[in-house]
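The values are calculated or read from the model by the stated rules, or taken from the named source; none is laboratory data. Small disclaimer: the values here were computed from a predicted structure and weren't measured. FYI the Cβ positions are ideal-geometry reconstructions off the backbone, even for glycines, and counts take in every protein chain you see.
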Amino acid sequence: MLELKFSQDAAAFAATDEYEEQGAVSPNHWIRINCHMGSGAAGDRLAVGEQLRGLPESGQAMLEGEIGFTHLALIARTATAIAEAEGPAKPFDESRLLDKAREYSVARFRDFCDHSRHAADAEGYARDEAARVEARSLTLTTGQGGMVWIRGVLDPEGGAALRTALEPLSKPAGKDDGRKLDRRLGDALVEAAHHLLDGGAGAQPGRQRPQLQITTTLETLLGQCGAPAADLEFSLPISAKAVERIACDCNVTRILLGSDSMVIDVGRSKRVISPAQNRALRARDKVCRWPGCDRPASWTVGHHLIHWVRGGRTDLENLVLLCHRHHWLVHEGGWQLVKSADGPLLTVPPTFGFNRSVARGPD
């Protein structure tokens, strides 16, 4: 009853110019500020108040507890949208929606209302859909320590595409995976970004595909004591461990600097794992070689069991495919991936207790 009374008062207030005299841009804006409500909640009250006279059965059903206020707000918003499409001359039939409101949950009823709106005005529904696409936004803000804060909004289709892409990547990686869902989703987003880069999406013939650009000294690459961190484009400096991981399969360009930091010589860029080796590696391993991981080859990178900077050879005997998460575990996570004398791979956790799981060999 209080919600209905609030809605009636909101609609009566919206019919005046009081909000304008007090400096608000709309009745919704005034209610949001003065009643400490969100935009959607204020809009629901305005819609109910404006449509309540034409929805007597729905209002009574809410008072009797047959439906909730959110059901009533959805009926009112649907009535408003259909009235805009068909004109006020045609009365709105609330019975069909009310029957479903009594039966359906709020989430299911919202879908039903959308179907009804589309049936009544497909073009108007498409315009609203396009407006939601235009409202897409994403901001990336670098905070303390180089942490990146992500804030954004997506339309329903864009949100569904993102969820569908992240869903298979955010599943727990076995029974010992203690990461919470928000951590797994963060890891999944980073893995999807690396896959986009490694797959060369957006690359055009004759142009270099997008990649991370890192500038490091030889001492940092070797992990020597006292070496500076490496510079990562669009971010803060990164550790030698991160450089080692990224350098497993990358283009390396030698640049010699003089004492005054002037460039003396620039060598040719050389890819550590050749395209032919990469094809052979993917044909051999097929998936991430970490025990129990089934990430396909397209979601992996080549990893040197003995890093090339420490003399490891870039040949198939010293290379395995690892997905982004397990590649990170080997370098920054402190794990080791060791080839046993008879060929299979063993994982060694940071506690130095052997994990007796055996990695898959070539099929």
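Listed by position, the helices (runs of 4 or more DSSP H) enclosed by segment 69-163 that each have at least 3 residues that are hydroxyl-bearing (Ser, Thr, Tyr) are 69-86. Only one entry of 100, 90 meets the criterion of being more than 30 Å from residue 229 (Cα to Cα), at pLDDT 90 or above, touching a helix residue (DSSP H, G or I) at 6+ places or on another chain (Cβ under 9 Å) and of a type outside the set (Gly, Ala, Ser), and that entry is 100.
Of the strands (runs of 3 or more DSSP E) that lie entirely inside segment 220-322, those containing 1 or more residues that are among the polar types (S, T, N, Q) and modelled with pLDDT of 80 or more span 300-304. Scan segment 73-91 and tell me whether some residue there is within 19 Å of residue 46 (Cβ to Cβ), buried (at least 21 other Cβ atoms within 10 Å of the Cβ) and more than 38 Å from the chain's Cα centre (by Cα). No: zero hits.
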